[in-house]
Amino acid sequence: MDNKTLPVISVIMGVYNCADTLPEAIECIVNQTFTEWELIMCDDGSIDNTYDVAKQYADLYKGKVVLLRNDQNMGLNYTLNKCLSVAKGEYIARMDGDDRCSINRLEVEFNIFMHEPEIAIVSTDMQYFDETGVWGRISHPTYPRKRDFLNGTPFCHAPCLVKREAFLAVGGYSEAKRLLRVEDYHLWVKMYKAGYRGKNIHMPLYQMRDNRNAYSRRKFKYRVNEAYVKVIAVKELKLPVTGYIYALRPILVGLLPRMFYDKLHKKNLKM
């Protein structure tokens, strides 16, 4: 890609204290079968050598890899918006600095847009892995409807590929503290309210690095944030008022004894 050729896909990646895993994540993008991409990384105030690792790749792939930096830790919402502000691609993809994806991920996702131009959001099934291997998989409805928002976010965020126009139409990610860790859920609400729709591919093209027990350590305030977004979804998407009952679920689940919570969580994961 020379300076006169705009990338088709801009991959945005907020990175924070992930020096050990970042090379693998970057290589997953560098080795994609779809080659018309740019990678925009923003270091969010890391205190390890994440920035130095990222800079090595930015220097190696000048013109393809862009590196930004926050003076202090600002959070994922702010950091992704900063990446969006310099993105040139017609489509925006996500990637995290401690994850990995299939080398044909972007090609498969992009082809959905070519065959279904009415679609604005494409995501895939996502696997969870740790040092022992893959231990879970999450899947969402093929064509999420508004009522699916009552159950939670209808798309996996990290594997997504989205039309840039959809991001612009809703002003990108909301940066309110009440939306931390649920910025993607709120993003989809805004896009569906604006008339955009999406599709999930039932292929595990993305793997998220996650400890098997990390879900049980989720801070209660983030469960409250999820409940808050559910209330927004009911209101903004004009869902039945009974939908407000669903807003209580994240809070009630957070209050469950560990034994019951483990059973509930594992029931929702495919293998």
**OP:** Please verify whether the range 212-223 includes one or more residues that are outside any helix (DSSP H, G or I), at pLDDT 95 or above and either loosely packed, with under 15 Cβ neighbours inside 10 Å or of a type in the set (Gly, Ala, Ser) (or both).
**Re:** no
Subject >> Residue in the range 105-120 that is assigned to a strand (DSSP E or B) and of a type in the set (A, V, I, L, M, F, W, C) present >> reply: no
Original post:
Scanning for something crowded, with 18+ Cβ neighbours inside 10 Å, touching a strand residue (DSSP E or B) at 6+ places or on another chain (Cβ under 6 Å), part of a strand (DSSP E or B) and of a type in the set (Phe, Trp, Tyr), does the range 154-162 turn up at least one residue?
Top reply: no
**OP:** Please specify each residue of the range 191-208 satisfying the condition of being surrounded by fewer than 21 Cβ atoms within 10 Å (Cβ to Cβ) and part of a helix (DSSP H, G or I).
**Re:** 193
Original post:
If you take the residues in the range 71-117 that are among the small types (Gly, Ala, Ser) and in contact with a Pro (Cβ under 9 Å, 6 or more places away or on another chain), which one is nearest to residue 205 (Cα to Cα)?
Top reply: 102
**OP:** Have a look at 40, 12, 29 and point out the one that is within 20 Å of residue 88 (Cα to Cα), in contact (Cβ under 8 Å) with a residue 60 or more places away in the chain and in a strand (DSSP E or B).
**Re:** 12
**OP:** Would you be able to tell me the number of residues in the range 127-153 that are part of a loop (DSSP other than H, G, I, E, B) and charged (D, E, K, R)?
**Re:** 2
Original post:
Looking at (1) in contact (Cβ under 8 Å) with a residue 40 or more places away in the chain; (2) crowded, with 18+ Cβ neighbours inside 10 Å; (3) part of a helix (DSSP H, G or I), can you tell me which one residue 124 breaks?
Top reply: (3)
Original post:
Does residue 118 fit the bill of being touching a residue at least 12 places away in the same chain (Cβ under 8 Å), of a type in the set (D, E, K, R) and surrounded by 22 or more Cβ atoms within 10 Å (Cβ to Cβ)?
Top reply: no
**OP:** Considering only the range 62-96, state which residues are of a type in the set (D, E, K, R), touching a residue at least 12 places away in the same chain (Cβ under 8 Å), farther than 24 Å from residue 156 by Cβ and in a loop (DSSP other than H, G, I, E, B).
**Re:** 64, 71, 88
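The values are calculated or read from the model by the stated rules, or taken from the named source; none is laboratory data. The shown structure was predicted, so the numbers you read here are calculated from the model rather than taken from an experiment. When we count neighbours, we look across all protein chains shown, and the Cβ atoms used for this are built from the backbone with ideal geometry, even at glycine.
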